[in-house]
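Chemist: Structure in structure tokens, see below.
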Amino acid sequence: MAIVEKQPLELGTADTVSYAEKPLGVFTRPQGGRGWRDWLSTVDHKRIGILYGVSAMFFFLVGGVQALLIRLQLAVPDGSVLSADVYNQVYTMHGVTMVFLFIMPLAAAFANYFIPLQIGARDVAFPRLNALSFWVWLSGAIFLNTSWIVAGGGADCGWFCYAPNSGVAFSPSHGVDFYAIGLQILGLASLVSAVNLIVTCLNMRAPGMTLMRMPIFTWMLLITQFLLLFALPVITVALFLLMFDRVFDAQFFNVDAGADPLLWQHLFWIFGHPEVYIIVLPAFGVVSEVIPTFSRKPLFGYEFMVFSGIAIGFMGWGVWAHHMFVSGMGPISVAAFSLSTMFIAVPTGVKVLNWLATMWGGKIRFTVAMKFAVATVAMFTIGGLSGVTHSVAPANTQQTDTYYIVAHFHYVIFGGGVLGLFAGLYFWWPKIWGHFLSERVGNWHFWLTLVGFNLTFGPMHILGLQGMSRRIDSYARGYGFEFWNLTATIGSFLIAAATALFLWNVFKSRRDAPYLPPPGPDPWDARSLEWSVPSPVPVHNFDTVPQIRSRDDWWHTKYGEDSTGKVVQVATAQEAAQTGEATGVHLPSPSFWPLSVALGLPLIGYGLIFNLWFALIGALVTIGSLYSWALEPVDDPDAAHDDHDDHDDHDDGSNDRAVDNSDSNEATP
Amino acid sequence: MTTGRIVKPVAALRRSGGLLLTAMGVLIAAGCASDAELDTFAPQGPISEELHNRGVLPVFWIAAVVLVGISIAMIYLIWRNRVKNYDTDDEWPSQTHGHVPLEVGWTVGFFLTMAAVAALMLWSLPTVNATEDNTMAVEIDGRSVDWEPTVVVVGNQWWWEFRYYFSDQVDLAELRAHGDAKTLPPADIVTSGQMIIPTGEEIELIVTSRDVIHSFWIPALNGKRDAVPNRFSPWKIQASSPGLYFGQCTEFCGLSHSRMRMQTVALDPADFQAWVNNTSLDAVEPVDPEALAGQEVFAGICTSCHVVEGLNDDVFERADQASGAAPNLTHFANRSTFAGGIFNSYNADGSLNRTVLEAWLRNPSELKANYIVPGEQYRGMPNLDLNEAQIDQLVAYLAGLGAKPAGWIIEATQVD
């Protein structure tokens, strides 16, 4: 009898039966659980987002310590905290860490977590690829930092690593090898992620969500992914050539062998300038969500915001040589890039005024998230305007490669990017973790950050105009640099203190959470879909995939207008939100293969640097894992398959819905 | 809700005020800094003045006005629209989604602002690139030539070389055709660390490098120009009055990038002619026995990298360095700095800066980070394991190479 009872479980459809015979060499597909192993095999976009976020914050601390070392060295003239050699490694790795290991993955954390939630999807288009991009990124990040241990130091050529200084003759340590190979691995991760998120945005939006109804944050991230998609191949080519130069003596950048000494610069900045927008556009997206929510108004000029974002994305490709105004280009080239640089300020300025117009007539509540968002606008404005001042090519000849530029891009990247992402952390923290970050500690965090930031980078404007060069490991007494350098160092320690407060806030708010009222699904009375599901978000995101009838659909679910145009509440968030209690929702199954593929890549890297046999092992691991991945059963036969009606958003039906912008569809409850 | 603290107006003003103060501080402090030798806001020649007045100042004012405008708008909006909490205030403001004429308006507004900036750029750019066909009469080897004031500027890790061609003048096209910075045509004067120019003349610079990319910059006289290996880029400087103008390499060029400095000494034309007369001569055999012994040491050890004309220039081929070159020391004592423009050759009282010079000869790497690994190409000066007697002899020899510079130059070199 036992056999008879077992039969219905074992035999579902003919499909399931075929899995009873596993393909050769394929492990059983792991199943969901709550242990640490589940984090290694997870394909859940939310968990991957958290993994990205936590790792990024770790590297924020690493890059921050490097920043403090730089500031300690420069606090007084003739600094002796670091040797010239170590200083060059530290400032190089500070830049590389902050750009590739902090801001980009933190933006990726937000992108992974919130794009599916904002567009009403259950996951990204390719969940295993999503896991792959995280693990490849992490393996690249770790690989890059192991150069401190196994190569005796980091790269010492600057994050821009100009040829021919990057060649073996001038940078003989292995640090540059780790740079060239590590960044290729990191680029691979971003490339995979970009493809994945673009497909997700284009194909997996909930029914009724036309592109012009997509939340502005998702829009900015979509533009960012396109920038990544086109920018990363360029740097990858450059890095590949550099790697061949260094490892196999290929002579691409060897000037003595007839190479073009400026080729690297062009390749690097064709990537490097769009990279700036890759860093700030996600923060612009955060700010464009936070300011409307806490002004109680829709975003002013949504269409202008979308198209100015697209304009920035396009124009960002035509300005790269403004990093090279003094490299000896002819006057027509200089004028052309100077002009394009100026006019990219137009869409950026439009954004700033649209944020202000959103606040205009609004009711502004200054939560910590809102404070960070408004500070982002203010600080970015300073960074943008200092950018305008040296877009004038003749003026640029005085300012380029001085601390004026250091001030400028920290106002853009820290002031615009990091402050914006902090706004996002305070804004979405309750959604992710089910409890608020403390507003009281957050206030201190905010004010200390803002004061410390301005104290650190504000004086650098003055230092630059006083003629202090960038990337110098020390400066002599008597050039008038003493006072402002000391001020900047003090400021940097205020930022460090603020960051410590943030970490304390993370710890404290988690500790206090059980004694405080839960935030509920929509604590800020916000506008976009992620607030229509419980906090923290259930693993399947949406019980039912919502039907989108308008921009800010979630807000319109809660509020309507009476005959006089006055806003009236039609449902509370609690009433309108989904319960998150759906069962039997089909979800993508976990897999260890993404992790396994990623594990091989650093081995290939070490092999190229130290011994090619390692590379062989690494290649076997990676290729073997890819093969196993390909043969892995698509679905876990044991997972719930009882509800085929509401999970078909991974199927071909999604395309039709994506273009379905009919307003007449009735909303599903 | 546990949230909902608001910014008090004072706090809001304090923050926004901070922005303004920062911005204004930038302008004021940069404009007023008096002891900053590299100050970009203190032009000392017609080229840098024009650059400053056309290229720099107008756009700073435009940026300042925009910044003040946006800051005022932001402060006003914060002050006007802040509320304490929504719990007690359930009125929703009017849900304005946008206002197309307004948005088109400020798009056009920004466009016009940037068009103004663009016009400024196009107005100032030609002056940066224009070159004068000025010539100046210079006497060299007893005959007078019409010199088109030109200096070939060559970057090396981590020092600058300046080459003067009077007899066989070179131009940009010729050097570009030549294409190799390591085998430049022989010059009448080769010096390093300090470039000597005549006042009142526009000096054309032809900037190149022998190893990696450097950047030549004398902020008081003009902006900067990268020194790109085997590329020859035109640049120009001009000083209105005699003086010592400081500079610092501004393109990261490796280990001792921060210790790669240079000065430009502007002399009035008569003094410049005197300098040419002195420095175009070969070094003379010393008479002092100590210095003579120093010459022996030099000929035995230093000659593998350094040239002293009249001593080893006829046999010298190439310095044992990655760049293939080391400073020409024929008129070492004529410069007020040494070792890449970073140490003073003379004390304030005019005496030789013997302490540092001896320390340098004892072990250069202790004073300046150099890349010295046996078996690899040196970048910088190695430790020559000289004994104290040799060091004293070398100092005596070096102190006699060339005429001591004028007192005001030595004085101006003292930075503190």
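Each reported figure results from applying straightforward, stated rules to the coordinates on display, with no laboratory input. Just so it is clear, the structure is predicted and the values come from calculations on it, not from any experiment. Here Cβ is always computed from backbone atoms with ideal geometry, including for glycine, and neighbour counts include all displayed protein chains.
Chemist: Going through segment B:280-313, which GluC sites (Glu not before Pro) have at most 13 other Cβ atoms within 10 Å and a DSSP loop state?
Modeler: none
Chemist: Could you tell me which of A:Gly313, A:Phe300, A:Phe343 has its Cα farthest along the dipole of segment A:280-487 towards the positive end, charges placed at Cβ (Lys, Arg +1; Asp, Glu -1), taken about the Cα centre?
Modeler: A:Phe300
Chemist: What does the convex hull of the Cα atoms come to per residue for segment A:518-592, in Å³?
Modeler: That works out to 118 Å³ per residue.
Chemist: Moving to a separate point now. List the lysines whose Cα lies under 26 Å from the Cα of A:Lys431, skipping any in the same chain that are fewer than 8 positions away.
Modeler: Answer for A:Lys431, where 26 Å is the Cα cut-off: A:Lys46, A:Lys297, A:Lys363, A:Lys371, A:Lys508, A:Lys558, B:Lys84, listed by chain and number.
Chemist: Specify the residue with the greatest mean-square fluctuation among B:Ala42, B:Ala266, B:Ala119, computed from a Gaussian network of chain B linking alpha-carbon atoms under 10 Å apart.
Modeler: B:Ala119
Chemist: Suppose every K and R has +1 on its Cβ and every D and E has -1 on its Cβ; what is the size of the dipole of chain B about the Cα centre, in Debye to the nearest 20?
Modeler: 2340 debye
Chemist: State, to one decimal in nm, how far the label point of A:Ile490 lies from the label point of B:Glu376, with both points 7 Å from Cα in the Cβ direction.
Modeler: Result for the modelled spin labels: 4.1 nm.
Chemist: Quick check: residue separation of B:Trp123 and B:Ala406 times 0.36 nm, minus the Cα distance between them. What number comes out in nm?
Modeler: Residue separation times 0.36 nm, minus the Cα-Cα distance, leaves 97.9 nm.
Chemist: Averaged across the residues of B:70-80, what count of C-beta atoms belonging to other chains lies within 10 Å of each residue's C-beta?
Modeler: 5
Chemist: Measure off 7 Å from each Cα along the Cα-to-Cβ vector at A:Leu612 and A:Gln251, then give the distance between these two points in nanometres to one decimal.
Modeler: The modelled label-to-label distance comes out at 2.0 nm.
Chemist: Over all residues in B:125-135, what is the mean tally of Cβ atoms on other chains that come within 10 Å of each residue's Cβ?
Modeler: 2
Chemist: In chain A, which longest range has no GluC sites (Glu not before Pro) that are both DSSP loop (not H, G, I, E or B) and surrounded by at most 12 other Cβ atoms within 10 Å?
Modeler: Longest run free of exposed loop sites: A:22-580.
Chemist: Also, I was wondering about something else. When only DSSP loop residues count, what trypsin sites (Lys or Arg not before Pro) in segment A:443-493 have their Cβ near at most 13 other Cβ atoms within 10 Å?
Modeler: Here the trypsin sites (Lys or Arg not before Pro) that fit, given the DSSP loop and packing criteria, are A:Arg477.
Chemist: Farthest toward the dipole's positive end in segment B:96-212, which of B:Ala187, B:Thr131, B:Val104, given Cβ charges of +1 (Lys, Arg) and -1 (Asp, Glu) about the Cα centre?
Modeler: Value: B:Val104.
Chemist: Residue separation times 0.36 nm, minus the C-alpha to C-alpha distance between B:Val100 and B:Asn277: what's the value?
Modeler: Once the chain is fully extended between B:Val100 and B:Asn277, it gains 56.5 nm.
Chemist: Rounded to the nearest 500, what is chain B's calculated 222 nm mean residue ellipticity when only DSSP H runs of at least 4 contribute -39500 (n - 2.57) each, over all residues?
Modeler: About -11000 deg cm²/dmol.
Chemist: Hey, if you drop one equal point scatterer on each alpha-carbon of segment B:133-416 and run the Debye formula without solvent, what base-10 log of I(q)/I(0) do you get at q = 0.08, 0.09, 0.12 Å⁻¹?
Modeler: -0.30, -0.39, -0.72
Chemist: Might you report the magnitude of the Cβ-based charge dipole of segment A:328-462 about its Cα centre, with Lys and Arg at +1 and Asp and Glu at -1, to the nearest 20 debye?
Modeler: Here the size comes out at about 500 debye.
Chemist: Could I ask something else about it? Could you work out the equivalent-ellipsoid semi-axes for segment A:407-539, taking the square root of 5 times each eigenvalue of the Cα gyration tensor, largest first, in whole Å?
Modeler: So the three semi-axes of segment A:407-539 are 39, 15, 10 Å.
Chemist: Another one. Can you find, among B:Leu329, B:Leu205, A:Leu281, the residue sitting farthest towards the positive end of the charge dipole of the protein assembly as shown, where Lys and Arg contribute +1 and Asp and Glu -1 at Cβ?
Modeler: A:Leu281
Chemist: Also: Calculate how steeply helix A:331-343 sits against the longest principal axis of the alpha-carbon atoms of chain A, using the helix alpha-carbon long axis, and give the answer as 0 to 90 degrees to the nearest 10.
Modeler: 40 degrees
Chemist: Would you mind classifying segment A:478-616 by shape? Square roots of the alpha carbon gyration tensor eigenvalues, ordered a ≥ b ≥ c; an a/c under 1.5 is rounded, otherwise it is prolate if a/b is larger than b/c and oblate if not.
Modeler: oblate
Chemist: How would you rank B:Arg261, A:Arg365, going from fewest to most other Cβ atoms within 10 Å of each one's own Cβ?
Modeler: By the 10 Å Cβ count, ascending, the order reads B:Arg261, A:Arg365.
Chemist: Mind checking the log10 I(q)/I(0) for segment B:49-167 at q = 0.09, 0.17, 0.22, 0.23 Å⁻¹? Debye, one equal scatterer per Cα, no solvent, two decimals.
Modeler: -0.60, -1.07, -1.25, -1.28
Chemist: To continue, here is another question. I need the peptides B:349-356, A:250-257 ranked by packing, meaning the mean over residues of other C-beta atoms within 10 angstrom, with the highest value on top.
Modeler: Those peptides, ordered most packed to least, come out A:250-257, B:349-356.
Chemist: Continuing with the same structure: How big is the gap, in Å, between the Cα center of segment A:356-383 and the Cα center of segment B:262-305?
Modeler: Using only Cα atoms to place each centre, the spacing works out to 64 Å.
Chemist: Moving on to the next point. Report, to one decimal in Å, the Kirkwood hydrodynamic radius for segment A:280-487 based on all distinct Cα pairs.
Modeler: Result for segment A:280-487 stands at 18.4 Å.
Chemist: Same structure again: Output needed: Cys residues of chain A lacking any neighbouring Cys C-beta below 4.7 Å, sorted by number.
Modeler: By the Cβ distance rule, which asks for a partner under 4.7 Å, the isolated cysteines are A:Cys201.
Chemist: Of B:Ala319, B:Ala406, B:Ala115, which is the most mobile in a GNM of chain B whose springs link Cα atoms less than 10 angstrom apart?
Modeler: Greatest mean-square fluctuation among the candidates belongs to B:Ala115.
Chemist: Only sites in a loop by DSSP and with at most 16 other Cβ atoms within 10 Å count here; which trypsin sites (Lys or Arg not before Pro) in segment A:33-63 make the cut?
Modeler: A:Arg34
Chemist: Ok, one more. Cross-link candidates for B:Lys236: which lysines have Cα within less than 19 Å, leaving aside residues fewer than 8 places away along the same chain?
Modeler: Cα-Cα hits under 19 Å: B:Lys224.
Chemist: Give me the orientation-averaged projected area of the Cα convex hull of segment B:172-224, in nm², one decimal.
Modeler: For segment B:172-224, the mean projected area of the Cα convex hull comes to 4.7 nm².
Chemist: Compute the Kirkwood hydrodynamic radius of the protein assembly as shown, taking the inverse of the mean of 1/r over all pairs of distinct Cα atoms, and give it in Å to one decimal.
Modeler: Averaging 1/r across every pair of different Cα atoms and inverting gives 31.5 Å.
Chemist: By per-residue mean of other Cβ atoms within 10 Å, what is the highest-first order of A:50-58, A:565-573, A:622-630?
Modeler: So the order, starting with the most tightly packed, is A:50-58, A:622-630, A:565-573.
Chemist: Using just the helices of chain A, give the 222 nm mean residue ellipticity in deg cm²/dmol: DSSP H runs with n ≥ 4 each add -39,500 (n - 2.57), and the total is spread over all residues, rounded to 500.
Modeler: -20500 deg cm²/dmol
Chemist: Also: Between B:Ser365 and B:Ala389, what is the label-point separation in nm under the 7 Å Cα-to-beta-carbon projection?
Modeler: Calculated label separation equals 2.7 nm.
Chemist: Let me ask you something else. Please get the size of the charge dipole for the protein assembly as shown, origin at its Cα centre, with Cβ charges of +1 on Lys and Arg and -1 on Asp and Glu, quoted in debye to the nearest 20.
Modeler: Dipole of the protein assembly as shown, to the nearest 20 debye: 3420 debye.
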